[in-house]
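Here is the structure we will look at.
The values are calculated or read from the model by the stated rules, or taken from the named source; none is laboratory data. The structure presented is a predicted model; accordingly, all values stated were derived computationally and were not measured. No Cβ is skipped: glycine too gets one built from the backbone with ideal geometry, and neighbour counts run over all protein chains shown. Calculation scope for accessible area: heavy atoms of the full protein, side chains included, ligands and nucleic acids excluded. Shrake-Rupley method; radii C 1.70, N 1.55, O 1.52, S 1.80 Å.
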Amino acid sequence: MGSRNLAPDGEMRPSTPPSLKEYPSSSRFFVIKRKGNFKLVSAILIYESILSIAGEMKSIKKCNNGNILVETATPNKASQIVKLEHIGEHEVIVAPHFTLNQSKGVVSEAELQNDTEEEILKLLENQNVREVRRKNIRKNGQTIQTKHLVLTFNTPNLPESVRIAYLNCPVRAYIPNPLRCYKCQRFGHTTQSCRGKLTCAQCSQIGLPSGAHLL
């Protein structure tokens, strides 16, 4: 299912609050939870319980945190799996996975550069868009709006395009900038959570602030 499904520690991330039963019809990934976890629960019991109420799943995975992640193949199976309330004698709650059931794309349109995020979102809500965020840049101490919009969809699959007013806007995949620590200069974490050593970005000398040797 790809690396985007994994937390930094390699564990599948669980999702929404357990009480959530309302979900977009496009939801495909679901988390099954119980008090405690499923680490000591029979895999056969889990499989047969899921099979009895929703049929075959596209995939079933016992996550490192003990929860069960299932991927459904059809909307009908998705509507059935949320009805699961027991696995053997164990009470369970099924909820859509928050991050796996959404996707992010980018549209770039100069004609929308002066429109607000709220105005654009209003025209996209009926196209499975839940959030619009404009990408801005800093120049000479000023924040400048760009033509690039990051759209968050209530579906794991990006559409080829969206329609905003009379504009047909192609959608391309959103690739976020990698996290970089400006203390140790490594990637994957920020300065606030860094446990590494202060390192110069110019010469890689340990203990030297970036640019200090240029002063």
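Is it the case, given these coordinates, that E118 is under 30 Å from K147 (Cα atoms), outside any loop (DSSP other than H, G, I, E, B), open to solvent by 50 Å² or more (accessible area, probe 1.4 Å) and of a type in the set (D, E)?
On the way: under 30 Å from K147 (Cα atoms): yes; outside any loop (DSSP other than H, G, I, E, B): yes; open to solvent by 50 Å² or more (accessible area, probe 1.4 Å): yes; of a type in the set (D, E): yes.
So E118 passes the test.
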*Restricting the range 63-76 to residues that are in contact with an Asp or Glu (Cβ under 9 Å, 6 or more places away or on another chain) and open to solvent by 50 Å² or more (accessible area, probe 1.4 Å), which is farthest from A95 (Cα to Cα)?*
N64
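For the range 136-165, enumerate the residues that are basic (K, R) and modelled with pLDDT of 90 or more. Steps first, answer last, please.
Of the residues in the range 136-165, the ones basic (K, R) are 138-139, 147, 163.
Passing the criteria: K147, R163.
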_Exactly one condition in (1) assigned by the TED database to the domain that holds V162; (2) open to solvent by less than 70 Å² (accessible area, probe 1.4 Å); (3) modelled with pLDDT under 95; (4) not hydroxyl-bearing (S, T, Y) is false for V82; which is it?_
(1)
*Looking only at the range 177-192, which residues are out of contact with any strand residue (DSSP E or B) (no Cβ under 8 Å at 6 or more places or on another chain) and open to solvent by 70 Å² or more (accessible area, probe 1.4 Å)?*
N177, Y182, Q192
*asked:* Of all residues being touching a residue at least 60 places away in the same chain (Cβ under 8 Å) and more than 24 Å from P75 (Cα to Cα) in the range 144-170, which is least open to solvent (accessible area, probe 1.4 Å)? Just the residue, please.
replied: C169
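Being outside any helix (DSSP H, G or I) and surrounded by fewer than 17 Cβ atoms within 10 Å (Cβ to Cβ) is the filter here, so list the residues in the range 33-52 that pass it.
Filtering the range 33-52 down to residues outside any helix (DSSP H, G or I) leaves 33-42.
Across the range 33-52, the qualifying residues are K35, G36, N37, K39, L40, S42.
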